[in-house]
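The values are calculated or read from the model by the stated rules, or taken from the named source; none is laboratory data. This one's a predicted model, so the numbers in the text were calculated from it and none came from an experiment. Backbone-built Cβ (ideal geometry, glycine too); neighbour counts: all protein chains shown. Areas reflect the complete protein model, heavy atoms only, side chains present, ligands, DNA and RNA absent. Shrake-Rupley method; radii C 1.70, N 1.55, O 1.52, S 1.80 Å.
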Amino acid sequence: MKQIKSVDCFACGKEQLSRDELGLNRKMIGREIKQFYCLECFAEYFDVTTEELLAKIEEFKAEGCVLF
């Protein structure tokens, strides 16, 4: 079984980003990105609230997006 390496936030250094945080980064920025943001830094970067991002994650999941 392939072991998934831990990914940390590029901006603040938060350790071990969640699957949802990683999926959101890939969905919104691009699948091939190398630097990831935690939910809080992502919200600040895009000037939205974390609640809006959480709602968007649930929307993507409901659509069947395989990144989450």
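For segment 29-53, which positions are of a type outside the set (D, E, K, R), surrounded by 14 or more Cβ atoms within 10 Å (Cβ to Cβ) and touching a residue at least 24 places away in the same chain (Cβ under 8 Å)?
Result: Phe36, Tyr37, Cys38, Cys41, Leu53.
If I filter segment 15-28 down to residues being open to solvent by 80 Å² or more (accessible area, probe 1.4 Å) and either of a type in the set (Asp, Glu) or within 9 Å of the chain's Cα centre (by Cα) (or both), which single residue comes out as farthest from Glu63 (Cα to Cα)?
The selected residue is Glu15.
Name the residues in segment 30-55 that are in contact with a Leu (Cβ under 7 Å, 6 or more places away or on another chain) and farther than 13 Å from Cys12 by Cα, would you? Explain how you work it out, then say what you get.
Restricting attention to segment 30-55, the residues satisfying the condition of being in contact with a Leu (Cβ under 7 Å, 6 or more places away or on another chain) are 36, 38-39, 42-43, 50, 53.
Those that are in contact with a Leu (Cβ under 7 Å, 6 or more places away or on another chain) and farther than 13 Å from Cys12 by Cα: Thr50, Leu53.
Just checking, which of Leu17, Leu22 is touching a strand residue (DSSP E or B) at 6+ places or on another chain (Cβ under 7 Å) and either part of a helix (DSSP H, G or I) or of a type in the set (Val, Ile, Thr) (or both)?
Checking each option against the conditions leaves just Leu22.
Might you check whether a residue that is in a loop (DSSP other than H, G, I, E, B), in contact with a Cys (Cβ under 7 Å, 6 or more places away or on another chain) and among the small types (Gly, Ala, Ser) occurs anywhere in segment 27-39?
The answer is no; no qualifying residue exists.
What number of residues within segment 1-14 are part of a strand (DSSP E or B) and open to solvent by 40 Å² or more (accessible area, probe 1.4 Å)?
Total meeting the criteria: 0.
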